[in-house]
1. What is the pair-distance distribution P(r) of the chain, computed from all Cα-Cα distances in 5 Å bins starting at 0, with each bin given as a whole percent?
2. Take each uninterrupted DSSP H stretch in the chain, measure its Cα extent along the helix axis, and return the ones at 15 Å or beyond whose mean Kyte-Doolittle hydropathy is at least -1.0.
3. By the scheme Lys and Arg +1, Asp and Glu -1, what is the net charge of all other residues having a beta-carbon under 12 Å from that of L8?
4. Calculate what fraction, in whole %, of the accessible area of the chain sits on carbon and sulfur atoms when a 1.4 Å probe is rolled over the protein chains.
5. For S64, S56, what's the largest-to-smallest order of accessible area, 1.4 Å probe?
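The values are calculated or read from the model by the stated rules, or taken from the named source; none is laboratory data. Computed from a prediction, not measured in an experiment: that's the story for all the values here. Please note: Cβ atoms are built from the backbone with ideal geometry, for glycine as well, and neighbour counts cover all protein chains shown. For accessibility, only protein heavy atoms count, side chains too; no ligands or nucleic acids. Shrake-Rupley method; radii C 1.70, N 1.55, O 1.52, S 1.80 Å.
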Amino acid sequence: MGNATYFLNQTQYDFLAALLPEPTVKTKRVIPNAELLGGILFVLRTGCRWADIPTSICLHDYSSCWRRLRFWQKRGCLKQGW
């Protein structure tokens, strides 16, 4: 579940994870949704800049979180979850 446990319990995570598609392989490495979800939720919850995501919440680059959120928005996944 990654570090999304700061914001979601297991039931909420399972519901959301079922709606979020894994990205297609366009690069050498694909980061699983669970590893980026904590960083995305941190920014959405606190309103901070993407570059201010603590490494304790997300070990990956902030741009990876931003791109994954944009991917989900374009596909309409977040509206389904809401």
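1. 3, 15, 28, 28, 20, 7, 0
2. Numbers: long enough: 33-46 (19 Å, 1.11); 62-75 (20 Å, -1.50).
Helices meeting the span and hydropathy rule in the chain are 33-46.
3. Working: positive: R45; negative: D14.
Neighbourhood net charge equals 0.
4. On the way: 3030 of 5620 Å².
Result for the chain: 54 percent of the exposed heavy-atom area is carbon or sulfur.
5. On the way: S64 25, S56 75 Å².
Ranked list, largest accessible area first: S56, S64.
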